[in-house]
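Nothing in this text is a laboratory measurement; each read-out follows from the coordinates by a stated rule. Note that this is a predicted model, so its numbers are computed, not measured. All Cβ positions, even for glycine, are placed from backbone atoms using ideal geometry, and neighbour counts span all protein chains on display.
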Amino acid sequence: MLTGLGWPLLALLMAAGIALDLLLGEARRWHPLIGFGNLAMRIEKTLNRGAVRRLRGMLAWLLAVAPLVALSFFLLDAADGVLAIALHAILLYFCIGLRSLRDHNLPIADALQQQDLPAARMLTARIVSRDTEQASEADLAKASAESLLENGNDAVFGTLFWFAVAGGPGAVMFRLANTLDAMWGYRSQRFLHFGWAAARIDDALNYLPARLTALSYIVLAPTLQDKRRALRCWLTQAPAWSSPNAGPVMSSGAGALGLALGGAATYDGEVEQRPPLGSGQPATAADIRRAWRLVLNTTLLWLGMAIAAAALIHLAIPAVAHIIVKEAPHA
């Protein structure tokens with residue numbers, strides 16, 4: 001842990017950041033990540049040209065991320081004790097996206113249940129890059145469920161992991177890196193070399209959080225049979241996915257829910273046959289809500305584990321100190 005806060009305080013701040021997110025949701029105006037996205041676009045337009053694109057991409061990543069992470073450290077260092085502590089929770093609030101996942105996906109379930117396919121297509125197009133103009137109900141439910149499972153890791157659990165490691169600045173670093181991967185990490189002609197650094201850095205930062213997320217989805221599967229299926233899907237299906245982190249997260253989540261996800265999806269008018277995810281029934285509107293509950297319950301699981309670790313450390317340290325003092329030789 002790099003924060004110096006101690007587990008009890010860190011767990012309290014984690015709870016505060018999650019509570020702020022669920023209560024307030026995304027900032028309606030002047031959201032920091034929107035401003036960061038605009039900055040990243042300007043940097044990319046300036047540097048994504050000429051030769052040595054990978055080197056330029058690395059420089060662009062540093063120019064976009066390093067100053068803002070350094071600024072978060074500076075603000076925490078300059079603030080007084082109580083304000084500095086509160087800033088950790090505020091930074092986590094700005095970085096985490098739990099309520100955003102709910103607010104973007106549950107309306108899709110509502111539209112599908114009301115058989116309003118045009119509205120469901122429009123809402124789904126806001127959260128995925130695949131084509132939705134001709135998408136069926138099953139296609140839309142599948143897209144939403146996949147988005148929830150994958151972004152549960154990207155928008156929530158990866159952020160919580162790096163908050164536990166380095167407090168507010170850790171959360172900032174992860175979310176900025178993840179945002180750049182979403183903007184630059186494509187294997188298109190434009191980003192194949194320039195976005196290489198953004199994609200690889202995000203893979204590295206997400207490696208442990210993604211596997212902890214996949215494990216959490218297995219733990220929270222309803223029955224032992226569901227847990228076994230989720231583990232089997234992770235072990236057999238994840239290696240087929242090009243993303244080393246999305247594969248474990250989505251395959252285990254789909255297996256835990258008993259859903260058959262993955263498969264065909266249309267991008268820019270071309271049908272892409274993706275590897276399968278999970279096993280069971282095709283997704284429906286009700287399964288979008290089930291996927292959301294899995295993400296929410298995983299958040300509560302992680303928070304509960306942080307609180308339990310804080311309590312254990314709080315009880316264990318005095319006990320160990322007492323034993324050491326008791327057994328130390330007296331002069």
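Using just the alpha carbons, could you tell me how many Å³ per residue the convex hull of the chain encloses?
174 Å³
To the nearest ten degrees, helix 53-78 and the longest principal axis of the Cα atoms of the chain are 40 degrees apart. Projecting the Cα atoms of PRO275, GLY168, LEU303 onto the charge dipole of the chain (Cβ charges, centred on the Cα centre) puts PRO275 farthest toward the positive pole.
Rounded to the nearest 20, the Cβ-based charge dipole of the stretch 157-229 about its Cα centre (Lys and Arg +1, Asp and Glu -1) stands at 200 debye. Principal-axis analysis of the Cα atoms of the chain puts helix 158-184 at an angle of about 30° to the longest axis. Here the Karplus relation 6.51 cos²θ - 1.76 cosθ + 1.60, evaluated at θ = phi - 60°, turns the backbone of the stretch 218-223 into coupling constants of 5, 4, 8, 4, x, 10 Hz, with x for every Gly and Pro. Relative to one another, the C-alpha centroids of the stretch 28-93 and the stretch 246-285 are positioned 33 Å apart.
P(r) of the stretch 15-123 in 10 Å steps, Cα pairs, percent per bin? With 10 Å bins starting at 0, P(r) equals 12, 27, 29, 22, 10, 1. Residues of the stretch 85-119 with an amide N closer than 13 Å to a point placed 7 Å from the Cα of ALA286 along the Cα-to-Cβ direction: 113.
Note on ASN38 and ARG293: with the Förster distance fixed at 41 Å, the Cβ-Cβ geometry gives a FRET efficiency of about 0.75. Rounded to the nearest 20, the size of the Cβ-charge dipole of the chain about its Cα centre is 460 debye, with Lys and Arg at +1 and Asp and Glu at -1. Taking 0.36 nm per residue of separation and subtracting the Cα-Cα distance, full extension of the segment from LEU23 to VAL52 would add 5.9 nm.
With both labels modelled 7 Å from their Cα along Cα-to-Cβ, the GLU270 to ASP103 distance reads 3.6 nm. Between ALA125 and SER242, residue separation times 0.36 nm minus the direct Cα-Cα distance comes to 39.9 nm. In order along the stretch 20-28, phi translates into HN-Hα couplings of 4, 5, 5, 7, 9, x, 5, 4, 5 Hz, rounded to whole numbers, per the Karplus curve 6.51 cos²θ - 1.76 cosθ + 1.60 with θ = phi - 60° and x for Gly and Pro. Computed from the C-beta positions of LYS45 and ALA86, the FRET efficiency with R₀ = 30 Å rounds to 0.25. Close amide H partners of LEU277, meaning residues 5 or more places away or on another chain with modelled amide H under 5 Å apart, are LEU261, GLY262, GLY263. Placing +1 on the Cβ of every Lys and Arg and -1 on the Cβ of every Asp and Glu, with nothing else charged, gives the stretch 137-190 a dipole about its Cα centre of roughly 260 debye.
What does the net charge come to around ASP287 if you take all other residues with beta carbon closer than 12 Å to its beta carbon, with K and R at +1 and D and E at -1? Please report the intermediate quantities before stating the final value.
Values: positive: LYS142, ARG289, ARG290, ARG293; negative: GLU137, GLU146.
With Lys, Arg at +1 and Asp, Glu at -1, the neighbours total +2.
Applied to the stretch 126-141, the Karplus parametrisation 6.51 cos²θ - 1.76 cosθ + 1.60 on θ = phi - 60° returns per-residue 3J(HN,Hα) values of 6, 10, 10, 8, 6, 6, 10, 4, 10, 5, 7, 4, 5, 4, 5, 5 Hz, with x for Gly and Pro.
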